[in-house]
């Protein structure tokens, strides 16, 4: 289980709905539960994803704080292709979720050259693939 530090003020179900409406998206239920519980923050221990050993540096907040999803979406508007929502950071990379019909809920990582790599087919699979030690 991942423990988070420096999480932001909690958000409400209504605030999540407002965010979804503003961007014409629908988050997977498991992600909504995650954001209701944590709303951003940093893993308390060094965490990595899967066999790739992708470092998980931080999760973005829906609202509150400097590193919000909306701010990162604006910063990456030239590379995100509609309904792609950044939700976490890796060392020099962005972890995002596709909310497009063809790959709904899939999680990718992309670095400065923006060549996305599929990490998981669902948010749950992504969370389950996070581990403490490098493999």
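Listed values, structure above:
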quantity: Any hit, the stretch 30-48, residues being modelled with pLDDT of 95 or more and under 22 Å from residue 117 (Cα atoms); calculated: yes
quantity: Residue 46 being in contact with a strand residue (DSSP E or B) (Cβ under 8 Å, 6 or more places away or on another chain) and surrounded by fewer than 15 Cβ atoms within 10 Å (Cβ to Cβ); calculated: yes
quantity: Subset of the stretch 11-43 [on the phi > 0 side of the Ramachandran plot and either surrounded by fewer than 16 Cβ atoms within 10 Å (Cβ to Cβ) or in contact with a helix residue (DSSP H, G or I) (Cβ under 8 Å, 6 or more places away or on another chain) (or both)]; calculated: 24
quantity: Residue pairs meeting the criteria (Cβ under 7 Å; at least 6 apart or on separate chains; first within 19 Å of residue 47 (Cβ to Cβ), in the stretch 1-24; second exposed (fewer than 13 other Cβ atoms within 10 Å of the Cβ)); calculated: 3/44; 4/44; 5/44
quantity: Of all residues making up the stretch 64-79, the number that are free of Cβ contacts under 8 Å to residues at least 24 places away in the same chain and loosely packed, with under 15 Cβ neighbours inside 10 Å; calculated: 6
quantity: Qualifying residue in the stretch 39-60 (condition: more than 20 Å from residue 92 (Cα to Cα) and either without any contact (Cβ under 8 Å) to a residue 40 or more places away in the chain or part of a helix (DSSP H, G or I) (or both)); calculated: yes
quantity: Residues located in the stretch 80-123, provided they are surrounded by fewer than 17 Cβ atoms within 10 Å (Cβ to Cβ), outside any strand (DSSP E or B) and in contact (Cβ under 8 Å) with a residue 40 or more places away in the chain; calculated: 83, 104, 122
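The values are calculated or read from the model by the stated rules, or taken from the named source; none is laboratory data. Keep in mind that what you see is a predicted model, and the values were worked out from it rather than measured. All Cβ positions, even for glycine, are placed from backbone atoms using ideal geometry, and neighbour counts span all protein chains on display.
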